[in-house]
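Below is one structure; the comments refer to it alone.
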Amino acid sequence: VHLEESGGGLVQVGTSLRLSCTASERIWAMGWFRQAPGKEREFVAAITWTLGRTHYADFAKGRFTISRDNPKSMVYLQISSLKPEDTAVYSCASAATWVTDHMSSQAQYQFWGQGTQVTVSS
């Protein structure tokens, strides 16, 4: 499975941004992770292709929205009210199964994109 992210860039504090991830094929579920400078990669959100079931990291509830477009094989991550601490490389990943309590684990995902840089400037 080939995954490609897009939509990152330099944005202002308080604005919104939508990241996109294009998948060469739909397996079962997709996730978004991010890695800030000097920090470990962390889970943001996940979604299933079929029913659109979602799971969010606690910090992501309220400002982040994951969605998918099955005909286009695309997954999106909408981020609102951007903060400087949202600065990170955002990556999408593909998972063959869905176990809610495991979707925050990188080990749940088999394929990864290269990531797209989001820089939030104040």
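The values are calculated or read from the model by the stated rules, or taken from the named source; none is laboratory data. These figures come from a predicted structure and were not determined experimentally. A quick note on method: Cβ atoms are made from the backbone with ideal geometry, for glycine too, and the neighbour counts reach across all protein chains shown. All accessible areas refer to the heavy atoms of the entire protein, side chains included, with ligands and DNA or RNA removed. Shrake-Rupley method; radii C 1.70, N 1.55, O 1.52, S 1.80 Å.
Give, rounded to the nearest 20 debye, the magnitude of the charge dipole that the chain has about its Cα centre when Lys and Arg contribute +1 at Cβ and Asp and Glu contribute -1 at Cβ.
Numbers: 11 positive and 10 negative charges, 45 e Å.
It works out to roughly 220 debye.
Counting Lys +1, Arg +1, Asp -1, Glu -1, what net charge surrounds P84 among other residues with beta carbon under 15 Å of its beta carbon? Can you show the working numbers first?
Details: positive: R34, K39, R63, K83; negative: E85, D86.
Neighbour charge sum, excluding P84 itself: +2.
In whole Å, how far is the Cα centre of the stretch 1-36 from that of the stretch 75-122?
Cα centroid of the stretch 1-36 versus Cα centroid of the stretch 75-122: 6 Å apart.
Going from most exposed to least, what order do D58, D69 have by accessible area with a 1.4 Å probe?
Working: D58 120, D69 40 Å².
Order by accessible area, largest first: D58, D69.
Of T54, T119, G9, which is farthest along the charge dipole of the chain in the positive direction, counting Lys and Arg as +1 and Asp and Glu as -1 at C-beta?
Farthest towards the positive pole: T54.
Quick one: what are the phi-derived ³J(HN,Hα) couplings along the stretch 54-65, Karplus 6.51/-1.76/1.60 with θ = phi - 60°, whole Hz, x for glycine and proline?
10, 8, 10, 5, 4, 5, 8, 5, x, 9, 10, 9
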